[in-house]
Amino acid sequence: MRIVLLGPPGAGKGTQAKILSKDFNIPHISTGDIFRTNIKMQTPLGELAKRYIDAGKLVPDNVTLDIVHDRLRQEDCAVGFIMDGFPRTIIQAKMFDEMLKELNAKVDIVINITASDNLLVKRLSGRRMCQCGKTYHLINNPPKREGICDVCNSPLYIRDDDKEETVKERLVTYHKQTCPLIDYYTEGKLIQNFDGEKTIEETTREILDVLKSRA
Ligand code: ADP
Ligand code: AMP
């Protein structure tokens, strides 16, 4: 199954993508994670991406598209994938369709997770990350021991772009550049909307019900 997860920052895309990736045994591809890994490794791509990410802006389409183009050609994507945070612009969506066409494939479903801006700000200010990829929330999804990852015992950290001023800018970017994708995928009859204000478990259940009815 080829799944796109759409939604504003903080809606719960990464949280749901990790669960679905395990459940369906298909890779979770997060362009944000790819950029953050490159920033950590201090690659030229990371250096470029950081300038945009820290400003709450999108990394240029050509850069993002090159990354996805290469990732899609890796063997594990043959069985499907969950795209988390890509596409984020109409150009990316159109080019993504072209890329998939070259591989004789297409997007099967777009899972659009929605939440109000007020809630998103609360979600992102309470988000805590671990280097192993696990994500927590101080109130909604806390680790068993404060500040420590349940899985690998590493100290949790706050994402640089989760500070309040950057979050506001990211929401503006989302409304301007990514929201139009809702119409794009509605026209293609691919979209399924989910209320991201429900609990993590409820949202997972609702998504799984839809996916399993189509599998
Ligand atoms: P996204 O990938 O869309 O930016 P995340 O999956 O990282 O969002 O979730 C943002 C924050 O909200 C995280 O701290 C996560 O633990 C928490 N979270 C995710 N989904 C829910 C939910 N349904 N209810 C409450 N908190 C949630
Ligand atoms: P995320 O981890 O999805 O919240 O993404 C973090 C940041 O990475 C975003 O605010 C963007 O700056 C950048 N980014 C991630 N995915 C994309 C994309 N598809 N297009 C452009 N920029 C992206």
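The values are calculated or read from the model by the stated rules, or taken from the named source; none is laboratory data. This one's a predicted model, so the numbers in the text were calculated from it and none came from an experiment. All Cβ positions, glycine included, derive from the backbone under ideal geometry; neighbour counts span all protein chains shown. To get the accessible areas, we keep the full protein, side chains included, count just its heavy atoms, and leave off ligands, DNA and RNA. Shrake-Rupley method; radii C 1.70, N 1.55, O 1.52, S 1.80 Å.
Quick notes on this structure:
- Cα shape, the chain, gyration tensor, a/c 1.5 rule: rounded
- The range 142-215 shape via C-alpha gyration tensor axes, a/c threshold 1.5: oblate
- The helix-based estimate of mean residue ellipticity at 222 nm for the chain, built from -39,500 (n - 2.57) per DSSP H run of four or more residues and divided by its residue count, is -14000 deg cm²/dmol to the nearest 500.
- Each Lys and Arg adds +1 at its Cβ and each Asp and Glu adds -1 at its Cβ; summed about the Cα centre, the chain shows a dipole of about 320 debye.
- Taking a span of 27 Å or more along the helix axis (Cα atoms) and a mean Kyte-Doolittle hydropathy of at least 1.6 as the rule, no DSSP H helix of the chain qualifies.
- In this structure, N140 and V63 have a Cβ-Cβ separation that, at R0 = 45 Å, corresponds to a calculated FRET efficiency of about 0.85.
- Accessible-area composition of the chain, carbon plus sulfur, in percent [1.4 Å probe]: 52
- Inter-probe distance in nm under a simple model that places probes 7 Å from Cα toward Cβ, at E197 and S213: 2.3
- A full extension of the chain between D33 and I148 corresponds to an added length of 39.4 nm, given 0.36 nm per residue minus the alpha carbon distance.
- About its Cα centre, the range 124-215 has a charge dipole of approximately 280 debye under the convention of +1 per Lys or Arg Cβ and -1 per Asp or Glu Cβ, with nothing else charged.
- Average accessible surface area per residue within the range 22-180, 1.4 Å rolling probe, Å²: 56
- Computed over the chain, relative contact order equals 30 percent, with contacts defined as Cα pairs under 8 Å that lie 6+ residues apart.
- Think of the chain as a dipole: +1 on every Lys or Arg Cβ, -1 on every Asp or Glu Cβ, centred on the Cα centre; then among S213, G10, C130, C130 lies furthest on the positive end.
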